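The values are calculated or read from the model by the stated rules, or taken from the named source; none is laboratory data. Note that the structure is predicted; figures quoted are calculated from it, not measured. Heads up, the Cβs are rebuilt from the backbone with ideal geometry, glycines too, and the neighbour counts pull from every protein chain shown. Protein only, heavy atoms only, side chains kept; ligands, DNA and RNA dropped before computing areas. Shrake-Rupley method; radii C 1.70, N 1.55, O 1.52, S 1.80 Å.
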Amino acid sequence: MHNLRIALLLDETADLLEFQGANAFRVRAYRNGARTIREYGDSISRIVEEDPEKLKEIPEIGDNLAKYCVEIVTTGAFSMREKLLETTPRTVLDLLRVPRLGPKKAAVLFNELGIRDLTMLKAACEAGEVQKLKGFGAKTEQDLLAGIAIASAANERLRWDQADELVASIRKHLEDLPSVRRLESAGSYRRGRDTIGDLDFLAVADDAKEAMDRLEAYPLKAETTARGETKCSIRLTNGFQVDLRVVPERSFGAALQYFTGSKEHNVVLRGLAKDRGLKINEWGVFRVGEGGAEEFLAGENEADVYASVGLPCFPPELREGRREYDWAKGGDLPRLIEVGDLRGDLHMHTTATDGRNTLEEMIAAAKARGYSYIAITDHSQRVSMARGLDPVRLRQQWAEIDRINAAATDGFRVLKGIECDILEAGGMDLPDDVLAEADWVNASIHYGQTQSSEQLTARIVGALEHPSVCVVAHPTGRVLNARPSYELDFDAVFDAAVKHKKFLELNASPERLDLSDLQCAAAKQRGIPIVISTDAHKTATLDNVRYGIIQARRAGLTAADVVNTRSWDEIRAMLGRS
């Protein structure tokens, strides 16, 4: 039993408990246990076989979860989940993916109207049945109809980080086979799209049958949907499709280029090849002679495929058929930003509000990652659910930061920051004199997210006009597969950022990746610097910066386009603040 399978069952149990209105602490225990098992380096199955008592030594795994782990490993299921499924069909969990439809309202729909899935919910909304229920109404019904599309997409597409977890697991599963000599993932995952519809793997293997047998033995496989001599497709327990193609070594680079895509990128490439009397496909590069005879020229490596038409090997993130060929033609293909270019992180939280680590622990973690500065940006007072800071508590935190900086001997700088809410009526959540004392101010929206485009745009523009604000954080408010972006007037937002010399954030949290790649590219065109920050709520999520870097690379951003590749003194000068 693979760790991922155990974690999946525990996560699903947490969903079922939440739907049934169970105690929040109980739900959280299952979620924490699932996360721990998913990230745990050792095999839970091996521990169960050798000494089940050692499960209790794993953080977040108490007596009950340890018992359930043993049950899952030995039987493939566990009684708690089966008992919950007796009264709640698994399909209702899809309802929880509809934005603004929480567990309590989803339970009302199930109990009052018998709604068991998204199809039934859509039909009930269109028939006007939902608005008749207490606590719903016509507007809620329309919101649910709009949200059903998002929930449906969440069933079909995984966030990049979720796909990355699967890729790592499947790679390890396949690479354990000695006959697999080369293995790469392709498709939209390799291009770094924020959500992924399926996974493609390419392999060079001494025995294609053995490689495909190995894929079919993957622990999370639900069924095999297709199999031939060199290709095998499986569907996982979460409905996700995985394809494996075994190709000749001489064609590996050509196949990798072809199946990485995108379709738009490949159409241009094939056209350029045709102009030179060449043919490029998944098998290689061929010179087409008289009578259609084909001579194999290249294909083992991607770089050779591109070189055959006089092109550099494009970074996968740029292969979307946008500007990459124009850049290459002009010799201006950008050197895309890398994780190592960043010198600091300018958005993170501590235990002062809703973070899980202390100020000192966040500092130590940032130093361990080679940073030279960070901004501590806990929430302001409006975010009461996170124990947001009022002026008194905030100044106490800043006084502590001053003491830390005064005692520092390594040159590391902790910036006195705040994530200050932009209020629903406009204006900032803290007094101007308080914000003026800050080194760094993130302005963000957490409330009033359903306001009109005009209202939301005005709030953000107003924040950019504020003299103390440095950057607008997660500007569009999107949560991937859960909440759509605000409909902002980006011309107005960009104009304000340029006029007032302010920045926009690319929030690297894998749930957000906000701004999108297209919005980052548009900001670059306007000369607006981008801040790539993690919004970390614990030390481990400082590593989420890699997701932001991938998004920035898709936008064509270089180190020069990103604020926090610079020293703090350089950043302060860019803002024009003393």
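The table below lists the values:
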| read-out | value |
| --- | --- |
| Fully extended contour minus Cα-Cα distance, from ASP326 to ARG26, at 0.36 nm per residue | 102.5 nm |
| Tensor-based shape of region 60-187 (alpha-carbon gyration tensor, a/c under 1.5 rounded, otherwise prolate or oblate) | oblate |
| Relative contact order for the chain, counting Cα pairs under 8 Å that sit 6 or more residues apart, in percent | 9 |
| Rounded if a/c under 1.5, otherwise prolate or oblate - region 157-256, Cα gyration tensor axes | oblate |
| Listed residue (THR260, TRP283, PRO467) projecting farthest to the positive dipole end of the chain, Cβ model | PRO467 |
| Förster radius 30 Å - calculated FRET efficiency between ARG100 and ASP432, Cβ distance, rounded to 0.05 | 0.35 |
| Dipole magnitude of region 195-299 about its Cα centre (Cβ charges: Lys, Arg +1; Asp, Glu -1), debye to nearest 20 | 280 |
| Per-residue HN-Hα couplings for region 486-499 [Karplus 6.51, -1.76, 1.60; θ = phi - 60°; Hz; x = Gly/Pro] | 5, 8, 8, 8, 5, 4, 5, 5, 5, 4, 5, 5, 5, 4 |
| Residues of type lysines that LYS221 reaches as a straight line, Cα spacing below 22 Å, ignoring anything fewer than 8 places off in the same chain | LYS172, LYS209, LYS231 |
| Ordering of 5-14, 279-288, 427-436 by packing [mean C-beta count within 10 Å, highest first] | 5-14, 279-288, 427-436 |
| Gain in span if fully extended, ALA540 to ASN301, counting 0.36 nm per residue against the direct Cα distance | 82.5 nm |
| Kirkwood Rh, Cα atoms: Rg over Rh of the chain | 0.98 |
| Set of aspartates and glutamates with alpha-carbon distance to LYS122 below 17 Å, sequence-local pairs under 8 removed | ASP94, GLU112, GLU141, ASP143 |
| Accessible carbon and sulfur surface of the chain relative to its total accessible area, %, 1.4 Å | 48 |
| Dipole of region 1-98, positive direction: furthest Cα of PRO59, ALA24, SER45, with charges on the beta-carbon | ALA24 |
| Test item: Cα-centred dipole of region 259-415, Lys/Arg +1 and Asp/Glu -1 on Cβ, debye | 520 |
| Calculated FRET efficiency for the pair GLU290/LEU133, C-beta based, R₀ 56 Å, to 0.05 | 0.15 |
| Cβ-Cβ FRET estimate between ALA364 and MET385, R0 fixed at 22 Å, reported to 0.05 | 0.20 |
| Region 189-242: C-alpha gyration tensor shape, a/c 1.5 cut-off, then a/b vs b/c | oblate |
| Separation of the LYS54 and ARG403 label points, Cα + 7 Å toward Cβ, nm | 4.3 |
| Set of aspartates and glutamates with alpha-carbon distance to LYS416 below 13 Å, sequence-local pairs under 8 removed | ASP345, ASP378, GLU400, ASP402, GLU437, ASP439 |
| Estimated dipole of region 470-555 in Debye, rounded to 20 [Cβ of Lys and Arg +1, of Asp and Glu -1, Cα centre] | 240 |
| Positive-end residue of ASN544, THR75, GLY331, charge dipole of the chain with Cβ unit charges | GLY331 |
| Cβ crowding within 10 Å averaged over residues, with 157-168, 215-226 ranked highest first | 157-168, 215-226 |
| Peptides 455-462, 362-369 ordered by average Cβ neighbours within 10 Å, highest first | 455-462, 362-369 |
